Amino acid sequence: MGRDDAHRGAEEVSATAVVGDPGTDRALVLQAQSGDNRAFGELVTRYMRRAYFAALGLVGNHDDALDLSQEAFARAFRARRSLDPERPFYPWLYQILRRLCFNFLRDRKTRAAKLAAASAWMAADAGDHAAQDSPQRHVERAELRERIEAAIATLPAHEKEVLVMREFEGLRYREIADLLGIPIGTVMSRLYAARKALAAALEGEP
Amino acid sequence: MSIPDVQADERARHLMMAALDGELSAADRTELDRLLEGDPALAAEWRQLQRVREVTRTMSMREPSQEIWEGYWMGVYRRLERGIAWILVSVGAIVLLSWWAWEGLEKLWQDQALPTFVRVGALALIAGVVILAVSVVREKVVLRKTDPYKDVIR
C-alpha cells in the first residue's frame, strides 16, 4: 500500500466512523450533505417507488405522480442540509411530497379535470383473484373495481391519503399515524369515512 | 393493538376498521361481536364495509414500465440542473434589464426638452418598482419565516 493509498484508507475509515454503517439512510444523508451527489442518487433509487405510488394514490395520474415525486426529490436535495441525519429520510421526504400533491389537487381547477386525470391508475386485476374467478365473476369484480376507483378519485385528499396508505401501500395504523403526525384514532376515523363513501358508491350500483 | 377509548359510535367504527385491517386484539374482537349482535343497523353497516374491503383487496396500483425507474434519477437530476439554469437566467435578466432601464431613464432625465409630467411619471415608475420589490422580498424573506400557518396544508 502506497502513501496515498494509506491516506485514502485512513480517510475512508474516518468517514465510516462519522457516517456509521455505509448504505444506511443516515450514512447516505450525511454523504449527500457533504456534497456527494451519488449518495443522494442512492436515496432516490431507494425511495422512488414508494414516493411515486404515494403520489399516484393522491393525484390518480401517472404523469402527475411522476412529476410530483421527482419534484419532491429535487426539493429534498436543495434542502438536504436542513435534514437531521438522525431522523429517518422517508417521512421527511413524504412531508415535502404530500404538500406538493395537496397543493396540486387544490390548484387543479375543475371537477371534470379531476375525474379525467383519475382514470385508469389501478391495475387491471390483482393476479390471484383473476385466476380463481369464473368469467362472470371476473366481469362483475371488474365493474365493482371501476366503481370503487371512481369513488376513490372523489374522496377528500386527507381521506384518500390514509386509504391509499392502508389499502395499497399496506402500512399499519401506527406507521400511517407516524408518517402523518396524527393520532391512530384519527387514522381510523379517516379510514372509516373513506370506506363509507366507497360503500355508498357500491350501493349505488345498478 | 388496543383501540383508543372514545365515544360509543366512534369506538364501534374504530373496532370495525381494526377488524377489517387485521389490527384487532382478541378482547376487542369479542367486544365487536357483542356490538354487532345487539345492533342490526351496525351489523348491516359492517357487511357493507366488509364488501368494500373485499373489493379493494383485489385492487392494486398500476405499475409503470421499467424504463420509468431506469430514467427516474436522471429526471430528478435534470430538474436540479434546470433549476440552477433558471436562477442564472433570472439573475442575468434582472441585471441587464435594470442596467438598460437605468441607462434609458438617465438619457430621458438629461433631455431638457422633456415635459415635467413625463419626469414625474418616470419618478413614480421608479418609486413603484422599488416599493414592489421591497414588499415582495420582505414577504418572502421576513414574513415567511414567522408565519405560523406556513406548514398548514389547505
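The values are calculated or read from the model by the stated rules, or taken from the named source; none is laboratory data. It should be emphasised that the depicted structure is a prediction, and the values quoted were computed from it without experimental measurement. Using ideal geometry, Cβ is built from the backbone for each residue, glycine included, and neighbour counts are taken over all protein chains shown.
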Legend entry - Hey, A:GLY204 surrounded by fewer than 16 Cβ atoms within 10 Å (Cβ to Cβ), within 23 Å of A:ARG147 (Cβ to Cβ) and either within 12 Å of the chain's Cα centre (by Cα) or assigned by TED's automatic domain parsing to the domain that holds A:TYR94 (or both) or not: no
Inset, instruction - Could you tell me which residue of segment B:42-67 is surrounded by the most Cβ atoms within 10 Å (Cβ to Cβ), considering only residues that are of a type in the set (A, V, I, L, M) and touching a Leu at 6+ places or on another chain (Cβ under 7 Å)? - result: B:VAL52
Inset, instruction - Consider only pairs whose beta carbons are under 9 Å apart and that are at least six residues apart or on different chains; among these, list those whose first residue lies in segment A:167-185 and is at the interface with chain B (Cβ under 7 Å from one of its Cβ atoms) and within 20 Å of A:ILE152 (Cβ to Cβ) and whose second residue is among the hydroxyl-bearing types (Ser, Thr, Tyr) and surrounded by 18 or more Cβ atoms within 10 Å (Cβ to Cβ). - result: A:GLU167/B:THR56; A:PHE168/B:THR56
Legend entry - Single residue of A:LEU179, A:LEU191 found to be buried (at least 20 other Cβ atoms within 10 Å of the Cβ) and under 24 Å from B:ALA8 (Cα atoms): A:LEU191
Legend entry - A:GLN70, sole failed condition from (1) under 13 Å from B:PRO64 (Cβ atoms); (2) at the interface with another protein chain (Cβ under 10 Å from one of its Cβ atoms); (3) buried (at least 19 other Cβ atoms within 10 Å of the Cβ); (4) out of contact with any Gly (no Cβ under 6 Å at 6 or more places or on another chain): (4)
Legend entry - Only listed residue being within 7 Å of another protein chain (Cβ to nearest Cβ) and within 18 Å of A:GLY185 (Cα to Cα), chosen from B:ARG29, B:ARG13: B:ARG13
Legend entry - Failed criterion for A:VAL139 (all others in (1) surrounded by 20 or more Cβ atoms within 10 Å (Cβ to Cβ); (2) more than 22 Å from A:ARG50 (Cβ to Cβ) hold): (1)
Inset, instruction - Scan segment B:21-36 and report the pairs whose first residue is without any contact (Cβ under 8 Å) to a residue 24 or more places away in the chain and whose second residue is among the polar types (S, T, N, Q) and surrounded by fewer than 17 Cβ atoms within 10 Å (Cβ to Cβ), with Cβ atoms within less than 9 Å and a gap of 6+ or a chain change. - result: B:ALA27/B:SER2
Legend entry - Of all residues making up segment A:130-149, the number that are modelled with pLDDT of 75 or more and of a type in the set (A, V, I, L, M): 4
Legend entry - Checking A:VAL44 against (1) among the β-branched types (Val, Ile, Thr); (2) modelled with pLDDT of 90 or more; (3) surrounded by fewer than 17 Cβ atoms within 10 Å (Cβ to Cβ), the condition it does not meet: (3)
Inset, instruction - Could you tell me which of the residues A:ASP63, A:ASP84 is within 11 Å of chain B (Cβ to nearest Cβ) and either in a helix (DSSP H, G or I) or free of Cβ contacts under 8 Å to residues at least 40 places away in the same chain (or both)? - result: A:ASP63
Legend entry - Contacts under 6 angstrom Cβ, first residue in segment A:37-50 being facing another protein chain (nearest Cβ under 9 Å), partner surrounded by fewer than 21 Cβ atoms within 10 Å (Cβ to Cβ) and of a type outside the set (Ser, Thr, Tyr), 6 or more apart: A:PHE40/A:PHE77; A:GLY41/B:TRP73; A:VAL44/B:TRP73
Legend entry - Condition check for B:THR56: more than 8 Å from every other protein chain (Cβ to nearest Cβ), without any contact (Cβ under 8 Å) to a residue 12 or more places away in the chain and of a type in the set (Val, Ile, Thr): no
